[in-house]
1. For region 239-258, name all the residues that are in contact with a strand residue (DSSP E or B) (Cβ under 8 Å, 6 or more places away or on another chain), within 12 Å of the ligand (Cβ to nearest atom) and either farther than 18 Å from A301 by Cα or not in a helix (DSSP H, G or I) (or both).
2. Can you run down the residue pairs with Cβ atoms below 8 Å, 6 or more apart or on separate chains, where the first is in region 127-151 and at pLDDT 95 or above and the partner is of a type in the set (K, R) and not in a loop (DSSP other than H, G, I, E, B)?
3. Is it true that A166 is within 30 Å of A301 (Cβ to Cβ), among the small types (G, A, S) and in contact with a strand residue (DSSP E or B) (Cβ under 8 Å, 6 or more places away or on another chain)?
4. Is one or more of the residues making up region 34-48 open to solvent by 60 Å² or more (accessible area, probe 1.4 Å) and in a helix (DSSP H, G or I)?
5. Yes or no: region 96-115 includes at least one residue that is free of Cβ contacts under 8 Å to residues at least 12 places away in the same chain and either in the same structural domain as M346 (by TED's automatic domain parsing) or open to solvent by 40 Å² or more (accessible area, probe 1.4 Å) (or both).
6. Every residue in region 49-62 that is surrounded by fewer than 18 Cβ atoms within 10 Å (Cβ to Cβ) and in contact (Cβ under 8 Å) with a residue 60 or more places away in the chain, please.
7. For region 170-207, give me the residue count where each residue is within 16 Å of the ligand (Cβ to nearest atom) and either touching a residue at least 40 places away in the same chain (Cβ under 8 Å) or among the polar types (S, T, N, Q) (or both).
Amino acid sequence: MKYTECKAKDKKYIIGNYPRYPLMIKSGHGCTVKDDTGKEYLDFLSGIGVSVLGHQHKNIIKAITTQTGKILHTSNLYYSQPMVDFAEMLVHNAFSSKVFFCNSGAEANEAAIKLARLVGLQYGKTKNKIITIKNSFHGRTLGALAATGQKKFHAGYAPLPGGFIAVTANDTKALKKAIDKDTCAVLFECIQGEAGVYPLSKDFVKTIYTASRKNDAIMIIDEVQTGFGRTGKLFAYQHFGIKPDIMTLSKGIAGGLPMGAMLARPHLAKLFEPDKYNALTGSPATAHASTFGGNPVCAAAALAVLKQLTVKGYLNKITYLGRYMKDRLSRLSKKIKSVITDVRGMGFMIALDISLDAPSVRNTVQKKGLLINSIGTHTLRMLPPLIAGKKDIDKAISILDEALGDVKILTRGR
Ligand code: PLP
């Protein structure tokens, strides 16, 4: 099928909520993807931070192929080896916790929000407030949306679940003022990804830690975008000298298959167990569930990803190459003065603000063979696969350099 036919069919049959980029991806290998004409693109977006080991990684393909030869789905009514093997390795590489599996980042955050409410309920019916951060992003389902500190995403969906209070990022005073004995949790991303890659300050994260401890509230860290090596450590909280009480994961977890997870400290995780939940709430129902959660094929892929990422020293190169990429972008910003106004991020999670129209630059860059994305009108974001090397980075920067020059000339000409 060709691009134009695909586009027409998409328009006819698929709900048009996504304003898609003008490209039909047919295949991928390593750091590159190909379109319907066979043209190759350097993929510095990884399906929005998902394909952490690039495309067609041999270990993932092998794990999936082996598992599909056995069984595709079991449901959570039965025990399953891929699920327990992955759970064991995940917990051992995170913090003292137990895991709940689901299918997406939003679903992981829904689980975290529900568990936080149970944590509060142990203290009394009014301890249900959740502090969030302005400009955060936690997903599109109603609970995760209510937690998302960007009003533009709330429009049209009232009434949203209540009990969420968003404070300004890095404003320790506002945080201390908002948090009190009725707060059951503080939910945050260490680096706000969808907002345009804005890291929280170490001081602010420390204040979240001390203020939540003081008020018997828990810390929920959303690592949906930052997890699985993206920032140069397996999880971004490891840069901040703290450990979460609950952590949510998705995106890169299974290297391209849909999966989500919520890790909770064992004494919190217990609240989702039938006897604790039933005693606490008086309800005979199951506390929480998800039909596909921990699917054996996804779990097998996830285990292959985690085995690769935890090879000794594997993530060191992300720190080094991330710095290299930021340095090259900073040098570029000096070369083409007043076009790049800021470069920020950590590891392979990098954004740049530009004075030009970001969607036009993104499209020009794409035509020249590089995939990145634009956030709003003046920010570009890069989330390369973690297998990208120096040569790939050099190629990406040179395409960006050319494209920024082209768009600058075009804009000037108008
Ligand atoms: N949390 C963060 C930090 C995210 O970046 C995203 C998606 O971009 C989500 C949650 C939602 O994940 P999903 O789209 O898998 O529901």
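1. Answer for region 239-258, where residues must be in contact with a strand residue (DSSP E or B) (Cβ under 8 Å, 6 or more places away or on another chain), within 12 Å of the ligand (Cβ to nearest atom) and either farther than 18 Å from A301 by Cα or not in a helix (DSSP H, G or I) (or both): M247, T248, L249, S250.
2. N128/R117; G143/K114; G149/K134; Q150/K134
3. Judged against the criteria, A166 is not a match.
4. Checked against the condition, which is being open to solvent by 60 Å² or more (accessible area, probe 1.4 Å) and in a helix (DSSP H, G or I), region 34-48 yields at least one hit.
5. Taking every residue of region 96-115 in turn, none turns out to be free of Cβ contacts under 8 Å to residues at least 12 places away in the same chain and either in the same structural domain as M346 (by TED's automatic domain parsing) or open to solvent by 40 Å² or more (accessible area, probe 1.4 Å) (or both).
6. Of region 49-62, the ones surrounded by fewer than 18 Cβ atoms within 10 Å (Cβ to Cβ) are 56, 58-59, 61-62.
Hits for region 49-62 are N59, K62.
7. Matching residues across region 170-207 total 16.
Yes/no per residue for (1) within 20 Å of the chain's Cα centre (by Cα); (2) within 20 Å of G229 (Cβ to Cβ):
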| position | (1), (2) |
| --- | --- |
| I15 | no, no |
| P22 | no, no |
| L45 | yes, yes |
| N59 | no, yes |
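The values are calculated or read from the model by the stated rules, or taken from the named source; none is laboratory data. Please read these numbers as outputs of a predicted model, since none were measured by experiment. For neighbour counting, all protein chains shown are included, and Cβ atoms are generated from backbone atoms with ideal geometry for every residue, glycine included. To get the accessible areas, we keep the full protein, side chains included, count just its heavy atoms, and leave off ligands, DNA and RNA. Shrake-Rupley method; radii C 1.70, N 1.55, O 1.52, S 1.80 Å.
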